[in-house]
Amino acid sequence: MAEVKNVEEVKEPLFGKAERKLIMDPLNDNNPITVQVLGICSALAVTSLVYPSVVMSIAVVFVTGFSSLFTSLLRNAIPKPVRMIVQLVIIATLVTFVEMALKYFNYPVYKQLSVYIGLIITNCIVMGRLEAFAMANKPWRSFVDGIGNGIGYGAILIAVGVVREIFGKGTLFAGSPIEMKLIGANSGKLEYMINTAAESGIGSWFGWYTNNNLMVLPAAAMFIIGVMIWIQRSYNTKLVDVS
Amino acid sequence: MDKNSTNYVLIFVLIMTVLVAFSLASIRQVTKATADQNEDIFNKRAVLAAVNDYLGMGEGVGANDLTDDQVLEIFQNKVQQTAINTQGQEVDGVMAEDIDMAKEKKKDVNERVLPLFKYAYEGKDFYILSVRGSGLWDEIWGNIALESDLNTIAGASFDHKGETPGLGAEIKDNPTFSENFKNKEIFRDGEFVSVKVRKGGAQDPTYEVDGISGATVTADGVDKMLRSGIELYLPYLEKIKGSSMESMLQQ
């Protein structure tokens with residue numbers, strides 16, 4: 001039985017229809033945040049600025065991808081009674097690895113994100129994928145599935161971050177080397193940023209804008225994600241009434 | 001072997017734990033030196049940020065624009081480190097950069113050891129003090145540079161562990177906040193008054209700075225941190241002031 005299956009597997013291309021579906025599904029039809037409503041906690045916490053959201057997304061893609069890969073490789077050896085603990089150890093190891101890598105390569109970013117990076121361990125998306133997919137599928141597909149879900153999560157994170165940062169702070173990518181001040185009273189002042197917007201003249205158009213402090217608070221992310229779910233369901237009618 | 005048997009579970013968990021512990025420990029060993037160096041530079045950069053205007057590296061070049069090597073070089077050549085206690089005496093054998101302010105803050109006031117960085121630039125001496133306090137969510141800390149009159153603030157830099165980005169985190173992210181501390185004074189007629197962070201805007205141009213709207217608790221935390229933090233240095237500051245008066249009289 002197993003041998004027959006293996007022969008079929010070899011014939012399939014490395015990145016076929018099934019793999020494409022695994023990547024694309026979490027982006028829309030099965031998005032971890034807007035459809036499964038997982039990982040909301042960190043989506044509220046880190047998205048007040050875009051730059052931390054991007055770093056967080058990359059870290060989560062790495063962790064979901066590789067934890068799925070390792071779990072899938074071990075799936076036949078993991079004893080069922082302790083499978084959750086084993087998964088948790090795999091996730092925690094990878095997160096610790098990410099933390100050490102950040103300390104090594106970019107200490108200021110590590111300082112900025114230290115708490116959030118540790119919180120990846122508690123992100124339900126990671127463990128959810130391990131339980132639902134990696135425990136029952138082959139390594140390569142599990143890896144693709146993990147990457148896909150990480151990207152689906154990251155896409156929403158960055159989208160929320162863009163809205164919150166522009167309206168809450170008037171900037172984009174604050175804290176990173178390409179920090180921009182787009183709207184608000186300070187737009188045009190060079191000492192506050194490396195300003196690309198002011199030079200192009202966009203900044204001066206929106207000088208009247210006053211920062212909306214609500215956008216900076218986690219509650220704003222809740223509204224924005226709510227609106228995103230609404231928009232998504234209004235064009236993707238498949239999702240309506242799936243409860 | 002039965003995968004649900006206790007023996008299998010035990011052996012599996014044991015092997016896994018050993019492998020994970022070993023791999024993480026070895027990665028840490030490999031990256032430790034660089035990571036520690038990065039942390040060291042990060043902290044030194046924060047100290048130098050307090051004397052941003054006097055780095056002498058060019059107009060508008062602050063501590064954040066320096067390369068890692070420049071930070072280390074300035075620290076090596078122009079910064080003198082001392083550790084003092086709260087009675088105003090110098091403590092031997094302790095480097096200022098090795099003092100962990102978070103640990104010191106938990107100690108009894110009389111037993112604390114405080115870092116003091118003396119920075120020399122074009123014949124002028126700057127005294128950089130380190131302070132630590134609490135913001136809204138977690139700890140906040142900062143470095144305050146005093147000019148050689150030990151009264152006027154030459155600059156300040158702040159950092160935090162987990163203040164809200166866009167609100168409390170502005171103490172670090174918005175350079176205007178620390179900029180406002182420049183040229184403020186901490187003594188009024190010889191009496192220590194610290195610098196007040198006032199909600200709604202500074203009223204006294206010499207002793208007050210603007211608070212941050214939407215971040216009252218963090219701004220109050222900075223206010224409290226400055227008051228209690230600089231106070232610990234007072235015995236030492238009085239001592240240097242006294243000795244410089246003496247040398248002036250002798251001349």
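The values are calculated or read from the model by the stated rules, or taken from the named source; none is laboratory data. A quick note: this is a predicted structure, and the numbers were derived from the prediction, not measured. Here the Cβ positions follow ideal geometry from the backbone for every residue, glycine too, while neighbour counts run over all protein chains shown.
Here are a few things to note about the model shown:
- Residue that is surrounded by the most Cβ atoms within 10 Å (Cβ to Cβ) [pool: residues in the range B:205-230 that are of a type outside the set (Ser, Thr, Tyr), over 19 Å from B:ALA154 (Cα atoms) and modelled with pLDDT of 90 or more]: B:ALA219
- Odd one out for B:GLY56 among (1) at the interface with chain A (Cβ under 10 Å from one of its Cβ atoms); (2) within 32 Å of the chain's Cα centre (by Cα): (1)
- Matching entry among B:ASP125, B:ASP100, B:ASP108 (being more than 18 Å from the chain's Cα centre (by Cα), under 26 Å from B:VAL217 (Cα atoms) and more than 14 Å from chain A (Cβ to nearest Cβ)): B:ASP108
- Out of B:ASN77, B:ASN64, one residue alone is under 16 Å from B:LYS44 (Cβ atoms), over 18 Å from the mean Cα position of the chain (by Cα) and not aliphatic (A, V, I, L, M). It is B:ASN77.
Table: residues versus (1) within 13 Å of chain B (Cβ to nearest Cβ); (2) of a type in the set (Val, Ile, Thr); (3) touching an Asp or Glu at 6+ places or on another chain (Cβ under 8 Å).
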site: A:ASN106; (1), (2), (3): yes, no, no
site: A:TYR116; (1), (2), (3): yes, no, no
site: A:LEU119; (1), (2), (3): yes, no, no
site: A:VAL126; (1), (2), (3): no, yes, no
site: A:ARG129; (1), (2), (3): no, no, yes
site: A:ALA132; (1), (2), (3): no, no, no
site: A:MET135; (1), (2), (3): no, no, no
site: A:SER142; (1), (2), (3): no, no, no
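- Taken together, A:MET56, A:MET24 contain a single residue that is within 30 Å of A:ILE224 (Cα to Cα), surrounded by fewer than 18 Cβ atoms within 10 Å (Cβ to Cβ) and in contact with a Gly (Cβ under 9 Å, 6 or more places away or on another chain), which is A:MET24.
- Scanning the range B:55-79 for residues that are crowded, with 19+ Cβ neighbours inside 10 Å and assigned to a helix (DSSP H, G or I) yields B:ALA63, B:VAL71, B:ILE74, B:PHE75.
- All of B:VAL9, B:VAL13, B:VAL51, B:VAL20 fail the test of being under 30 Å from B:GLY123 (Cα atoms) and either under 31 Å from the mean Cα position of the chain (by Cα) or at the interface with another protein chain (Cβ under 9 Å from one of its Cβ atoms) (or both), apart from B:VAL51.
- Here B:GLU39, B:GLU90, B:GLU73 are screened, and the one residue that is within 30 Å of B:LYS182 (Cβ to Cβ) and within 12 Å of another protein chain (Cβ to nearest Cβ) is B:GLU39.
- Considering the conditions (1) surrounded by 11 or more Cβ atoms within 10 Å (Cβ to Cβ); (2) more than 30 Å from A:LYS80 (Cα to Cα); (3) among the polar types (S, T, N, Q); (4) out of contact with any Leu (no Cβ under 6 Å at 6 or more places or on another chain), B:THR82 is excluded by exactly one of them, (4).
- Candidates are the residues of the range B:151-204 that are of a type in the set (A, V, I, L, M, F, W, C), in a loop (DSSP other than H, G, I, E, B) and within 14 Å of chain A (Cβ to nearest Cβ); the one that is surrounded by the fewest Cβ atoms within 10 Å (Cβ to Cβ) is B:LEU167.
- Hits in the range A:110-128 (condition: buried (at least 22 other Cβ atoms within 10 Å of the Cβ) and without any contact (Cβ under 8 Å) to a residue 24 or more places away in the chain): A:TYR110
- Check on A:ALA18, small (Gly, Ala, Ser) and modelled with pLDDT under 90: yes
- The numbered conditions (1) acidic (Asp, Glu); (2) surrounded by 18 or more Cβ atoms within 10 Å (Cβ to Cβ); (3) touching a residue at least 40 places away in the same chain (Cβ under 8 Å) are all true for B:GLU238 except (2).
- Top-ranked residue of the range B:180-203 - restricted to ones that are within 25 Å of B:TYR54 (Cβ to Cβ) and either modelled with pLDDT under 85 or hydroxyl-bearing (Ser, Thr, Tyr) (or both), ranked as nearest to the chain's Cα centre (by Cα): B:SER194
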